[in-house]
Amino acid sequence: MAKILVFNNDTDRMETYYRGEAEPMPYNTNATLKVREFRGSSKSNILWTTKRCMQSWNSQRYIFGGPIPVGFAFKRPWEGGHGNQSQHYAGVAFDVGQTLTQTARTRLWNSANNSGVWSYVEPISLTPTWVHFDKRFRQASLCHRRIPYIKKRKFK
Ligand SMILES: [Zn+2]
């Protein structure tokens, strides 16, 4: 049983869930992302993510139109990773497609890159055997704060 903290971007509140490893993540639709898949090899008793990230997964899974094998998502800093491991520590990044053929993985990369649901998709040259995409929390919240300011300036 994992304790899962989910930042709800709509209410600005942290929510707490308790889920078994074979159960879907909170806000996941059609059980396409199990707790154990999100956890990967992390040994942490507590996992965390955001509602927006889970919704992005749902959209990406729908757009791709088939199962997306998840190698890693959540990681603590000392549990290893690559250049963008901080996003994994924030619980908003996925390393996926490790078990796909190269052709299928390229199709997945293109799907992620074109879907428009992710803040960042790591270039294919840096991730030859997996696909990294993430939903950067800071950028997203910055965007929301900047919109009214930009609108105001436009009509000056
Ligand atoms: Zn990654």
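Read-outs throughout are calculated quantities, based only on the coordinates presented, and are distinct from any laboratory measurement. Computed from a predicted structure; not experimentally measured. Because the Cβ atoms are built from the backbone with ideal geometry, glycine has one as well, and the counts that use them run over all protein chains shown.
Some observations on this one:
- Candidates per GluC sites (Glu not before Pro) in the range 1-105, loop by DSSP, up to 14 other Cβ within 10 Å: 21
- Here the calculated FRET efficiency for residue 129 and residue 12, from their Cβ-Cβ distance with R0 = 35 Å, stands at 0.40, rounded to the nearest 0.05.
- Pairs of Lys in the chain closer than 20 Å at Cα, counting only those 8 or more apart or on different chains: 12
- Using θ = phi - 60° in the Karplus curve 6.51 cos²θ - 1.76 cosθ + 1.60, the 3J(HN,Hα) couplings for the range 93-103 round to 10, 10, 10, 10, x, 4, 9, 7, 5, 4, 5 Hz; x is entered for Gly and Pro.
- Here the extension length gained between residue 115 and residue 98 equals 4.1 nm, from 0.36 nm per residue of separation less the Cα-Cα distance.
- Sites matching trypsin sites (Lys or Arg not before Pro) across the range 38-88 that sit in DSSP coil, with at most 12 neighbouring C-beta atoms within 10 Å: 43
- The value obtained for the range 2-154, namely the Cα convex hull volume divided by the number of residues, is 122 Å³ per residue.
- Helix-only mean residue ellipticity at 222 nm for the chain, each DSSP H run of n ≥ 4 adding -39500 (n - 2.57), per residue, nearest 500: -11000 deg cm²/dmol
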